[in-house]
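Colleague: I am attaching a structure below and will ask some questions about it afterwards.
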Amino acid sequence: MLDRKAFLKLLSGQVEDSNTYKSKLALLIVDINRFFRINNIFGYPAGDEILKKVALLLDNVIRDQDFVARIGDNRFALILDGVMNVGHAELAAHKILRLLQAPFVLGEQKIHVDVTIGISLCPLHASNPMFLLKECESVLHGAKEKNQKIGVSQTLEDEILSEHWDIELALDDALNNDEFLIYYQPKIALDSGGVVGVEALLRWNHSSRGFIPPNFFIPIAERMGHIKPITNWIFNTALRQGAEWTEKWGPLSISVNIPPDFILMPDLKGILSNALSLWGSDNILLTLEIVERSLVIEPEKSMAIMNELRDMDISISIDDFGTGYSSLSYFEKLPVDELKIDQSFVANVVESKSSQDLVRLIVELAHAFDMEVVAEGVEDAAVAQYLKKLKCDIAQGYYFARPMPHEQLKDWLESYAGAKY
Ligand code: C2E
Ligand code: CA
């Protein structure tokens, strides 16, 4: 891993490139809070071990074109190349925070690492490497003082407005201009290796900006009330396209992600029965993926609606399961068919005892209540094999297939002959 000196040199070069080529980059500083306590309680060797694990975790978060360095005793820096806007950089920060929710396991000890992250963009917040670093350190300190996990440099209000204004305006037209696409990612039964369904994932191919990440535009679409017509379009399109593959390759489930407050929407049942009566087929089991946090808004009402949806032969899946909120007490009342274990637990299931324990627990509970367990984010054979050993039912991830457009999915289904794990 780069040290502070090498990092400063690299940062200068990157900032210079950014100024020359008018590209953008983000600087993130990740600071471990109260690190001295880890040293005091668990000893220096444990502290060193934790630093190595954090370094490894950050290394796994970045893409090939990015860099990570250790720039202080308990401080790391990340340079993310080609970052379009603050939202993009915040996604990376949220991913780091999410991965750090699971404790590190050292022998018998479970150690939680708490971090604060500062974010500054070049050239938006500074176009000189030293100013950029200073600016980022200053927002980091500001965030710590306010007890916030992430601090972001401020931009002139109208710059932020204009960036969002563009997206908001463009979102207004995206549906009419046919800029949305659905990519489908296969779900594989771990015991047989066969395909049991697909997850529909929304893509926006903007006319001049190209593909915009869903994690960036979906929250804006939700805020602006666009998500309802978009989700309606997804139901109809996915069912229509799905009829083509299921006719040839037999029954499959199609999972559609629904936004947090959608379940409580008064006309949800109407929208669904409309789409099903137009495009539904006996070969397709429509599954709704609901994030765990949407159930905490009005649990009783949500569960009543989920029961009604199941009466319409719609299957219910809880997405990102394990990331919090649920308590065992309401588990037995959950009217759901499937639990999807969050990627952050799946990714390190082979090495991390706590992830293994969690997966084992979810599988046992799910099976006791007749639910199936899907592991998402399976990136290699070793993870697939381990999940099979833990009796997880279904897996989804780059190891089997990346999300792909409808036409490509047909070719994939035609040629898929099982996977090795
Ligand atoms: P999600 O529902 O948790 O979807 C899984 C995400 O993991 C997808 O990202 C998928 O492409 C990615 N993924 C799949 N396999 C792997 C793997 O092996 N490794 C890694 N690192 N990632 C993998 P995507 O398509 O970028 O979607 C991101 C999020 O955006 C989704 O997370 C979901 O919350 C939201 N989203 C996507 N499509 C829709 C939609 O149609 N409606 C709504 N409301 N939200 C959507
Ligand atoms: Ca999902």
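Colleague: Quick check: anything in segment 358-378 in contact with a Phe, Trp or Tyr (Cβ under 8 Å, 6 or more places away or on another chain), in a helix (DSSP H, G or I) and among the basic types (Lys, Arg)?
Modeller: No, because not a single residue in segment 358-378 is in contact with a Phe, Trp or Tyr (Cβ under 8 Å, 6 or more places away or on another chain), in a helix (DSSP H, G or I) and among the basic types (Lys, Arg).
Colleague: With respect to residue 402, determine if the residue is more than 16 Å from ligand 2 (Cβ to nearest atom) and not assigned by TED's automatic domain parsing to the domain that holds residue 99.
Modeller: Answer is no for this residue.
Colleague: I'd like to verify a number: residues in segment 311-343 that are within 14 Å of ligand 2 (Cβ to nearest atom) and either touching a Gly at 6+ places or on another chain (Cβ under 8 Å) or modelled with pLDDT of 75 or more (or both), how many?
Modeller: Total satisfying the criteria: 14.
Colleague: Which count do you get for residues in segment 282-306 that are farther than 24 Å from residue 187 by Cα and either touching a residue at least 40 places away in the same chain (Cβ under 8 Å) or more than 16 Å from ligand 2 (Cβ to nearest atom) (or both)?
Modeller: 10
Colleague: Is it true that residue 229 is over 22 Å from residue 406 (Cα atoms) and within 13 Å of ligand 1 (Cβ to nearest atom)?
Modeller: When the stated conditions are applied, residue 229 does not pass them.
Colleague: Which of the residues spanning segment 248-273 are free of Cβ contacts under 8 Å to residues at least 24 places away in the same chain and not small (Gly, Ala, Ser)?
Modeller: 266, 267
Colleague: List, please: which pairs have Cβ atoms under 6 Å, are six or more places apart or on different chains, and start with a residue in segment 115-128 that is closer than 15 Å to residue 22 by Cβ and end with one that is polar (S, T, N, Q)?
Modeller: What qualifies is 122/18; 124/155; 127/19.
Okay, residues lined up against (1) closer than 25 Å to residue 257 by Cα; (2) modelled with pLDDT under 95; (3) surrounded by 17 or more Cβ atoms within 10 Å (Cβ to Cβ):
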residue: 347; (1), (2), (3): yes, yes, yes
residue: 353; (1), (2), (3): no, yes, no
residue: 362; (1), (2), (3): yes, yes, yes
residue: 372; (1), (2), (3): yes, no, yes
residue: 384; (1), (2), (3): yes, no, yes
residue: 387; (1), (2), (3): yes, no, yes
residue: 392; (1), (2), (3): yes, no, yes
residue: 395; (1), (2), (3): yes, no, yes
residue: 400; (1), (2), (3): yes, no, yes
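Colleague: Continuing with this model, one more query. In the list 189, 200, which residue meets the criterion of being closer than 15 Å to residue 252 by Cβ, surrounded by 14 or more Cβ atoms within 10 Å (Cβ to Cβ), within 10 Å of ligand 1 (Cβ to nearest atom) and of a type in the set (A, V, I, L, M)?
Modeller: 200
Colleague: Identify all residues within segment 245-265 that are closer than 24 Å to residue 411 by Cβ and away from ligand 1 (no atom under 13 Å from the Cβ); write none if there are none.
Modeller: Result: 245, 246, 247, 248, 249, 250, 251, 252, 253.
Colleague: Select, from 268, 278, the only residue that is touching a Leu at 6+ places or on another chain (Cβ under 9 Å), over 29 Å from residue 360 (Cβ atoms) and within 16 Å of ligand 1 (Cβ to nearest atom).
Modeller: 268
Colleague: Of all residues in segment 393-421, which are part of a loop (DSSP other than H, G, I, E, B), more than 14 Å from ligand 1 (Cβ to nearest atom) and under 16 Å from residue 254 (Cα atoms)?
Modeller: Answer for segment 393-421, where residues must be part of a loop (DSSP other than H, G, I, E, B), more than 14 Å from ligand 1 (Cβ to nearest atom) and under 16 Å from residue 254 (Cα atoms): there is none.
Colleague: Is it the case that residue 317 is assigned to a strand (DSSP E or B), assigned by TED's automatic domain parsing to the domain that holds residue 222, of a type in the set (Gly, Ala, Ser) and surrounded by 15 or more Cβ atoms within 10 Å (Cβ to Cβ)?
Modeller: yes
Colleague: Would you point out the residue of segment 42-68, among those that are crowded, with 16+ Cβ neighbours inside 10 Å and in contact with an Asp or Glu (Cβ under 7 Å, 6 or more places away or on another chain), that is farthest from residue 122 (Cα to Cα)?
Modeller: 68
Colleague: Of the residues 279, 245, which is more than 26 Å from the chain's Cα centre (by Cα) and within 16 Å of residue 186 (Cα to Cα)?
Modeller: 245
Colleague: Here is a follow-up. If you go through segment 364-382 one residue at a time, do you hit one that is more than 13 Å from ligand 1 (Cβ to nearest atom) and in contact with a Lys or Arg (Cβ under 6 Å, 6 or more places away or on another chain)?
Modeller: For segment 364-382, residues more than 13 Å from ligand 1 (Cβ to nearest atom) and in contact with a Lys or Arg (Cβ under 6 Å, 6 or more places away or on another chain): absent.
Colleague: Moving on to the next point. Go through (1) within 16 Å of ligand 2 (Cβ to nearest atom); (2) touching a Gly at 6+ places or on another chain (Cβ under 7 Å) one by one and return the number of the condition residue 231 breaks.
Modeller: (2)
Colleague: Shifting gears a bit: Could you check how many residues of segment 20-36 are outside any loop (DSSP other than H, G, I, E, B), surrounded by 13 or more Cβ atoms within 10 Å (Cβ to Cβ) and not β-branched (Val, Ile, Thr)?
Modeller: Result for segment 20-36: 6.
Colleague: Please list, ordered by first then second residue, the pairs with beta carbon atoms under 9 Å, 6 or more apart or interchain, first in segment 403-418 and under 23 Å from residue 236 (Cβ atoms), second hydroxyl-bearing (Ser, Thr, Tyr) and part of a helix (DSSP H, G or I).
Modeller: Final answer for the pair search is 406/237.
Colleague: Kindly list the number of the only condition in (1) touching a Gly at 6+ places or on another chain (Cβ under 9 Å); (2) within 15 Å of ligand 2 (Cβ to nearest atom) that fails for residue 262.
Modeller: Going through the list (1) touching a Gly at 6+ places or on another chain (Cβ under 9 Å); (2) within 15 Å of ligand 2 (Cβ to nearest atom), residue 262 breaks only (1).
Colleague: Look through 27, 8 and report the one residue that is touching a Leu at 6+ places or on another chain (Cβ under 6 Å) and within 30 Å of residue 127 (Cβ to Cβ).
Modeller: When all the criteria are applied, what remains is 27.
The values are calculated or read from the model by the stated rules, or taken from the named source; none is laboratory data. The shown structure was predicted, so the numbers you read here are calculated from the model rather than taken from an experiment. Note that we place each Cβ from the backbone using ideal geometry, even for glycine, and neighbour counts take in every protein chain shown.
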